[in-house]
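None of the figures in this text is laboratory data; all of them are computed from the coordinates on show. Being a predicted model, the structure only gives us computed values, none of them experimental. A quick note on method: Cβ atoms are made from the backbone with ideal geometry, for glycine too, and the neighbour counts reach across all protein chains shown.
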Ligand code: NI
């Protein structure tokens, strides 16, 4: 029986905070986009080898058959299962960083703007701290550390890892992951059910008939038509979705035309749909197609709608969410446990939770010195993680492992 320390953070290896900072700043400086995390994977594997692990690299395949830049390490592989699995995502976003941090991205057009650098650093820290614990008192079962690429690009990296058997060898009993959030450093929030929305994508090509800008009556203007489609989409959520059901439709891309005095042949719109309720999700392709086709027909144009399902709703398993809450209270006290609302972002951690129980937890990474409303949040060129959050994440992993093996 391991004795429970009073402060989980104080029992971490003393050099760990400095090491976490090093890992985090290296990762932040070297962002790589989804399915291209080659250097990140090499770096992670090298750090794991330095910690005494024998990581496996390139586990699983992506959607076009390419090997994933994934890294998987197991502590105590020969011990009896079921194992505890911990997952971090490793990819960055196509955003030009505007933080002016001393360790800002060295790569133009790429940035860790969703905190995956912090997630990866925290799991490396977990690898170090869990190993240090293990040398004092061996964990009774295996711990699987999954460094997953390509979370930001559906179908995502989780699918390939799962298909390659990452949850089966050794058999995983529960999986957990951390994602940074905007609340104060030293806090966590854990949803008991839905944590992330289902996220789908669509593309609409509005086809008109090109012509001279000075003779619009002889053309069918896809730009004016597309403008009406954009506005029409906005009434789907407000008029066709039950008011108590959360839903979002955002058109994030609109492309058309080559010159100010030419009416183009077509305009392309691309957008995303977020829902929590499966019935609402089912209706969305129909509604969007109806609105697009109906509006286009009214203007003499036509619409081609391509709707693709993305990640499913992420559902935390209540008993595992409770286990995580207990670990949080040990690390951050009762005050450290904040209320949790489901967010409308998508997350392919949902794929693991369709196979094994577990929970995805938000760790506060906002600087208390910055007013909450002024914190930029994720997917923003000014996104920034307060690195003081990292030790909390590692202490959480250790406290969680204790609880998991105690109740297993
Ligand atoms: Ni993310």
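If the chain linking residue 134 and residue 240 were pulled fully straight, counting 0.36 nm for each residue of separation and taking away their Cα-Cα distance, it would gain 32.7 nm. Put the Cα centre of the stretch 330-364 next to the Cα centre of the stretch 177-196 and the gap is 5 Å. I need the calculated FRET efficiency for the pair residue 169 and residue 268, taking r as the beta carbon distance and R₀ as 45 Å, to the nearest 0.05. Calculated transfer efficiency: 0.55. Taking the number of Cβ atoms within 10 Å of each Cβ as an exposure proxy, the fewest-first ranking of 253, 344 is 253, 344. Computed from Cα atoms, the angle from the helix 389-407 axis to the main principal axis of the chain rounds to 70 degrees. Using helices alone, I'd like the mean residue ellipticity at 222 nm for the chain: each DSSP H run of four-plus residues gives -39500 (n - 2.57), total over residue count, nearest 500. Taking each H run of at least 4 residues, the total per residue is -10500 deg cm²/dmol. Principal-axis analysis of the Cα atoms of the chain puts helix 16-29 at an angle of about 20° to the longest axis.
Put a dot 7 Å past the Cα of residue 382, heading toward its Cβ, do the same for residue 42, and the two dots end up 3.6 nm apart.
For the options 269, 159, 145, a Gaussian network treatment of the chain with springs between C-alpha atoms closer than 10 Å singles out 269 as fluctuating the most. Beta bridges assigned by DSSP with both partners in the chain are antiparallel in approximately 65 percent of cases.
Going from the fewest other Cβ atoms within 10 Å to the most, the residues 203, 131, 259 appear in the order 259, 203, 131. Note on the chain: with a GNM built from Cα contacts shorter than 10 Å, the maximum mean-square fluctuation among 76, 346, 300 falls on 300. With angles folded into 0 to 90 degrees, how steeply does helix 278-298 sit against the dominant principal axis of the chain? Use alpha carbons for both and round to 10. Roughly 20 degrees, rounded to the nearest 10.
The ranking of 103, 372, 69 by Cβ neighbour count inside 10 Å, starting from the fewest, reads 372, 103, 69.
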